[in-house]
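Below is one structure; the comments refer to it alone.
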Amino acid sequence: MGREYSIGEVAELLNVTRDTLRFYEKKKLIVPRKAANGYRYYSGEDIQLLLDLIFLRKLQCSILDIQTICGDGSLEAMCDCLEVRVKEEEKLIRQHQQILRQLIATRYTREKIRKYFQQYVLRSIPRTYIFSPSVPHYDAVREEWFKALGEDKKLNCYLHEQWNLQGDRAVNHQCYLILEEYAVRQLGLEKYAKNAPFFSFDECVYTIYASKTVSPQWEDMQKMISWANQQNIPLTGEVHAQYLWNHYQEGKLKTSYIELYLPVKK
């Protein structure tokens, strides 16, 4: 008889717990020799089998799959199990890649908030794609947003609002869903953007600020218009805005971070 190992020696040798070894025994995946005193002793072959079991568990094979593989003992059973695991992992990788893309796109927005928060600056607006019909009311575009998310969860757009300045008023209110070119590329949405209308501006008076509402008020626009006039910056008369992030407290909106910009005449 070759050398035998106690359960403690095997646990230390394989860096597993005694409970793990007992679990494999309970599932009839390993059958150590039991002495008259009830102690378990493992042979070299038992430890080799345990290494196979541990390897399969590292591949995330279920106990049921392992029981099938070990019970059947055929190469076909092993190949079938591994094929299922490959497909499962490929699916998880695709899901994680999409989550990573969304995280990177979201990080870009948060960095933009940090960079431009409570400042008036001149900056360009990159190509921005429109992914919905234009509607006159915010509630209507929000419904378009819910619909887009329901149809394809990748198409998580921003709710964009546009006005035209007329004297001391903002008129011709339009709402639609948009995504900047960076987000479109990052999220792999080129097929959606291929035939979508878009806009871009070489220069805008631009800010990001904190509001108590998700939609900018006339007073917010007036502050920007006054700043542009003080700087002798000619405006086209358009106003664009979308909320970038909402902060809720106890289920109620506390702060909305709004991106607001006024295109400059060329």
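Filtered by the rule that a residue be of a type in the set (A, V, I, L, M, F, W, C) and under 16 Å from I178 (Cβ atoms), segment 117-145 gives I125, I130, F131, V135, A140, V141, W145. Working only within segment 115-167, note down all residues that are polar (S, T, N, Q) and closer than 23 Å to L189 by Cβ. Those that are polar (S, T, N, Q) and closer than 23 Å to L189 by Cβ: S124, T128, S132, S134, N156, Q162.
Determine whether L155 is of a type outside the set (D, E, K, R), in contact with a helix residue (DSSP H, G or I) (Cβ under 9 Å, 6 or more places away or on another chain) and more than 30 Å from K265 (Cα to Cα). Answer is yes for this residue.
Look through segment 61-102, keep the residues that are among the β-branched types (V, I, T) and within 17 Å of L49 (Cβ to Cβ), and return whichever of them is least open to solvent (accessible area, probe 1.4 Å). Step by step, filter segment 61-102, then rank; the result is I66. Within segment 250-264, does at least one residue satisfy the condition of being on the phi < 0 side of the Ramachandran plot, outside any strand (DSSP E or B) and open to solvent by 80 Å² or more (accessible area, probe 1.4 Å)? For segment 250-264, residues on the phi < 0 side of the Ramachandran plot, outside any strand (DSSP E or B) and open to solvent by 80 Å² or more (accessible area, probe 1.4 Å): absent. Only one of the listed residues (S6, S74) is touching a strand residue (DSSP E or B) at 6+ places or on another chain (Cβ under 7 Å) and among the polar types (S, T, N, Q). That residue is S6.
Counting just the residues of segment 36-55 that are of a type in the set (A, V, I, L, M, F, W, C) and at pLDDT 90 or above, which one comes out most open to solvent (accessible area, probe 1.4 Å)? Checking each candidate, the answer is F55. All of P197, P216 fail the test of being surrounded by 18 or more Cβ atoms within 10 Å (Cβ to Cβ), within 28 Å of the chain's Cα centre (by Cα) and in contact (Cβ under 8 Å) with a residue 12 or more places away in the chain, apart from P216. Residues that are in a helix (DSSP H, G or I) and polar (S, T, N, Q) within segment 34-75 comprise Q48, Q67, T68, listed in sequence order. Within segment 103-130, residues that are in a helix (DSSP H, G or I) reach partners that are open to solvent by 50 Å² or more (accessible area, probe 1.4 Å) with beta carbons closer than 6 Å, at six or more positions or on different chains, in the pairs I113/Y257.
Of everything in segment 200-213 that is open to solvent by 30 Å² or more (accessible area, probe 1.4 Å) and in contact with an Asp or Glu (Cβ under 9 Å, 6 or more places away or on another chain), the residue that is farthest from V239 (Cα to Cα) is Y209. All of I54, I47, I66 fail the test of being under 18 Å from K87 (Cα atoms) and in contact (Cβ under 8 Å) with a residue 12 or more places away in the chain, apart from I66. Taken over segment 179-227, the criterion of being polar (S, T, N, Q), part of a helix (DSSP H, G or I) and over 22 Å from T106 (Cα atoms) is satisfied by Q222, S226.
The values are calculated or read from the model by the stated rules, or taken from the named source; none is laboratory data. Model, not experiment: these values are computed from the prediction. Counting neighbours? That spans all protein chains shown, and the Cβs are built from the backbone with ideal geometry, glycine included. The area values use the complete protein model at the heavy-atom level, side chains included, leaving out ligands, DNA and RNA. Shrake-Rupley method; radii C 1.70, N 1.55, O 1.52, S 1.80 Å.
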